[in-house]
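Written out below as structure tokens is the structure these notes cover.
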Amino acid sequence: MNAPQSPAQTQVSPARIRVFDTTLRDGEQSPGCSMTPPQKLVMARALAELGADVIETGFPASSQSDREAMALIGRELRTPVLAVLSRCLRADVDISLQALEAAQRPRLHVFLSTSPLHREHKLRMSRQQVLDMAVESIAYAKRFIDDIEFSTEDGTRTEEDFLHEVVAAAIAAGATTINIPDTVGFTTPEEIRGLFRRLITQVPGAGNVVFSAHCHNDLGLAVANTLAAIEGGARQVECTINGIGERAGNCALEEIVMALKVRGAFFEADTGIDTRRLVPTSQLLQRLVGMHVQRNKAVVGANAFAHESGIHQHGMLRHRGTYEIMRPQDVGWPDTQMVLGRHSGRAAVEQRLRALGYYLEEGELDLVFTDFKALCEQQRVVTDADLQALMQDTGDAE
Ligand code: KIV
Ligand code: ZN
């Protein structure tokens, strides 16, 4: 038998992970997802209610609409930190700072590519030029704002010695959050865990800043990579509602939050998100941008808590833990759904009939179940109305 664990072994207080929501910036960059300033305000209110620690509202130097959105949101939302994205250019920084004027808790988010591919083909700059440009813009911004996040675009494909050098210089220049984006969703959990561990333990000044993970989903690894970054020491995660974002999207907020909630003991980490607001927030975004999530999308998809097969339904009727690892109510769904169809068994049909007020004897149930199976050959799903009609027919035949 295992020895009982001492309290010291079981009571690890979870690390508080800050949720940086970028639905309104990186999310909005996904094709077909642009939002007007009033729509962004509606979404920002929902994100604040959800408990996002930081809301990135847009990229003010890139559009008048983003400047307006930031002003609208800044005038109304007082609690979350409000961030805007900016290139490492004085002109961009000035526009961004102006856009942030109304914000109670403003953050400037400056970014610059660091990888060899981006340096050579996009920026046409040397390592030294990239380093100087990052330091110059952070030091310039620091004259006007304290909360500065610096992102090393394409950070996970950057030579590690150079990444350490840039991060150290950014911290020395005044950055308070260091974000390492996996811009093209290329890394793996093992790689990013090690990368964060080494940055946090080896870079001078690392202990004075928050490290942040920003993972894209090109290989479907964004959530797994973000979790691994947390294991490596990241204490801020960047994500979007429904995982919208460039190409295959960003780390999905609802998935990373629920992974930490359900497996919190394993990761020794949790967020401050009100998980009961996840489904309403997801549905709001779907309505606003008209991009709908697939039925089998984790947490917020219509099938996430639906069961059709007889074996699963039978297990669920005995104990919901057999096939559910979260309660639907905890993420904002009204309840589990027992869908009746070709794969359903007698137990589920009987339970549904009872819920509709029909209490059948064994023989009666046999008859109805035969009719139910016949109906399933003609249609995919049998609704309550279909069952009531079946009962009517059975009654008429008697
Ligand atoms: O994916 C990325 O590299 C970004 C940065 C601009 C933060 O979105
Ligand atoms: Zn991104």
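Coordinate-derived values only; no laboratory data. Just so it is clear, the model here is predicted, and its values are computed rather than measured. Heads up, the Cβs are rebuilt from the backbone with ideal geometry, glycines too, and the neighbour counts pull from every protein chain shown.
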Non-local amide H neighbours of THR271 (under 5 Å, H modeled in plane, Pro and chain starts lacking H): which ones? ILE17
If you place +1 on the Cβ of every Lys and Arg, -1 on the Cβ of every Asp and Glu, and leave all else neutral, what size is the dipole of the range 329-392 about its Cα centre, to the nearest 20 Debye? 220 debye
Residue among VAL93, LEU72, ALA103 farthest towards the positive dipole end of the range 70-111, charges placed on Cβ: ALA103
Select from the range 334-389 those trypsin sites (Lys or Arg not before Pro) which occupy a DSSP coil region and have at most 11 other Cβ atoms within 10 Å, ordered by residue number. ARG380
Is the shape of the range 1-146 best called rounded, prolate or oblate, per the rule: a/c under 1.5 gives rounded, else a/b larger than b/c gives prolate, else oblate, with a ≥ b ≥ c the square roots of the Cα gyration tensor eigenvalues? oblate
Loop only by DSSP, 11 or fewer other Cβ within 10 Å of the Cβ. Give me the trypsin sites (Lys or Arg not before Pro) in the range 88-127 that pass, ordered by residue number. ARG124
Of all DSSP beta bridges in the chain, what percent run antiparallel (nearest 5)? 5 percent
Using the Kyte-Doolittle scale, which helices in the chain average at least 0.5 and also have C-alpha atoms spread 18 Å or more along the helix axis, with helices defined as whole DSSP H runs? 160-173
Note down the magnitude of the dipole of the chain about its Cα centre, charges +1 on Lys and Arg C-beta and -1 on Asp and Glu C-beta and zero elsewhere, to the nearest 20 debye. 1020 debye
Measuring from centroid to centroid over Cα atoms, what is the spacing of the range 295-354 and the range 193-216 in Å? 41 Å
Dipole magnitude of the range 258-398 about its Cα centre (Cβ charges: Lys, Arg +1; Asp, Glu -1), debye to nearest 20: 980 debye
Could you work out the percent of alpha carbon pairs in the chain separated by over 38 Å, rounded to a whole number? 32 percent
Summing -39500 (n - 2.57) over every DSSP H run of at least 4 residues in the chain and dividing by its residue count gives a helix-only mean residue ellipticity at 222 nm, to the nearest 500 deg cm²/dmol, of -13000 deg cm²/dmol
GluC sites (Glu not before Pro) within the range 302-375: DSSP coil, no more than 11 neighbouring Cβ in 10 Å: GLU361
Would you be so kind as to identify which of THR271, ILE241, ASN217 lies farthest towards the positive end of the dipole of the range 206-296, taking Lys and Arg as +1 and Asp and Glu as -1 on Cβ and the Cα centre as origin? ILE241
